[in-house]
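The values are calculated or read from the model by the stated rules, or taken from the named source; none is laboratory data. If you're wondering where the values come from, they're calculated on a predicted model, not measured in any experiment. No Cβ is skipped: glycine too gets one built from the backbone with ideal geometry, and neighbour counts run over all protein chains shown.
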């Protein structure tokens with residue numbers, strides 16, 4: 001399995017470094033969006049977010065100072081240009 | 001394992017995906033979701049880095065479209081990858 005060229009993965013590792021400490025959107029499989037500042041991310045896609053806002057169907061439902069998201073629920077992590 | 005990798009006439013599935021790096025790709029997910037974007041890279045789990053992404057969700061109210069700049073997509077829910085495919089209308 002270790003035959004994969006490292007260049008394949010480079011775009012992922014650079015993205016992870018890039019988004020550290022930046023505002024991101026995390027979408028879960030359930031369709032719920034979490035917008036916040038990415039504090040931490042691991043190989044399971046477990047995520048720690050700060051200043052988190054919870055959006056259900058595009059509407060703000062809740063705010064959390066700090067939030068931990070278990071990686072198995074994560075659909076994607078996206079960059080966020082500015083608050084929409 | 002080694003016989004597969006050394007035989008030049010066989011292409012490993014992930015090598016096919018590797019050929020798509022830099023081009024548009026259509027991703028069909030589990031649970032009525034499809035994603036179109038430019039593939040920048042992926043890992044052994046087929047987690048993917050995508051750019052200029054459009055996400056299509058089938059909802060009871062119709063199709064919901066979300067545009068995204070740059071994403072790290074979890075490979076866990078991917079069903080199929082279609083190279084070069086743009087989303088059909090309809």
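With the condition being at the interface with another protein chain (Cβ under 9 Å from one of its Cβ atoms) and either in contact with a helix residue (DSSP H, G or I) (Cβ under 8 Å, 6 or more places away or on another chain) or surrounded by 14 or more Cβ atoms within 10 Å (Cβ to Cβ) (or both), I'd like the strands (runs of 3 or more DSSP E) fully within region A:38-84 carrying at least 3 qualifying residues. Quick ask: steps written out before the conclusion?
Working: elements: A:47-56, A:59-69, A:74-79.
Filter on region A:38-84 gives A:74-79.
Quick test of your reading of the structure: residue A:79 fulfils all but one of (1) touching a residue at least 60 places away in the same chain (Cβ under 8 Å); (2) at positive phi. Name the failing condition by number.
Condition (2) is where residue A:79 drops out.
For the list (1) in contact (Cβ under 8 Å) with a residue 24 or more places away in the chain; (2) more than 24 Å from residue B:37 (Cβ to Cβ), I need the number of the one condition that residue A:65 fails.
(1)
Select from region A:1-11 the residues that are part of a loop (DSSP other than H, G, I, E, B) and either within 8 Å of chain B (Cβ to nearest Cβ) or surrounded by 10 or more Cβ atoms within 10 Å (Cβ to Cβ) (or both) and write down the one among them that is modelled with the highest pLDDT. Explain how you work it out, then say what you get.
So the first thing to find is which residues in region A:1-11 are part of a loop (DSSP other than H, G, I, E, B), and the list is A:1-5.
From what's left, either within 8 Å of chain B (Cβ to nearest Cβ) or surrounded by 10 or more Cβ atoms within 10 Å (Cβ to Cβ) (or both): A:1, A:3-5.
Numbers: A:1: 53, A:3: 60, A:4: 67, A:5: 77.
Filtering first and then ranking leaves A:5.
Scanning region A:26-37 for residues that are in a loop (DSSP other than H, G, I, E, B) and in contact with a strand residue (DSSP E or B) (Cβ under 6 Å, 6 or more places away or on another chain), which turns out nearest to residue A:58 (Cα to Cα)? Full working, then the answer.
Of all residues in region A:26-37, those in a loop (DSSP other than H, G, I, E, B) come to A:29-32.
Add one more test, that the residue is in contact with a strand residue (DSSP E or B) (Cβ under 6 Å, 6 or more places away or on another chain), and what stays is A:29, A:32.
On the way: A:29: 15, A:32: 8 Å.
Per the criteria, the residue is A:32.
Between A:31, A:71, which is within 20 Å of residue B:74 (Cβ to Cβ) and modelled with pLDDT of 95 or more? Lay out the reasoning, then the answer.
On the way: A:31 fails: modelled with pLDDT of 95 or more.
Result of the check over A:31, A:71: A:71.
Taking region B:39-58 as the search range and keeping residues that are touching a residue at least 24 places away in the same chain (Cβ under 8 Å) and under 14 Å from residue A:31 (Cβ atoms), which one is nearest to the other protein chains (Cβ to nearest Cβ)?
B:57
For every residue, the table says whether it meets (1) over 12 Å from the mean Cα position of the chain (by Cα); (2) closer than 21 Å to residue B:23 by Cβ.
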position	(1), (2)
B:49	no, yes
B:52	yes, yes
B:57	yes, no
B:61	yes, no
B:66	yes, no
B:75	no, yes
B:79	no, yes
B:83	no, yes
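Scan region A:12-34 residue by residue and report those that are buried (at least 20 other Cβ atoms within 10 Å of the Cβ) and either more than 12 Å from the chain's Cα centre (by Cα) or away from chain B (no Cβ under 11 Å) (or both).
A:34
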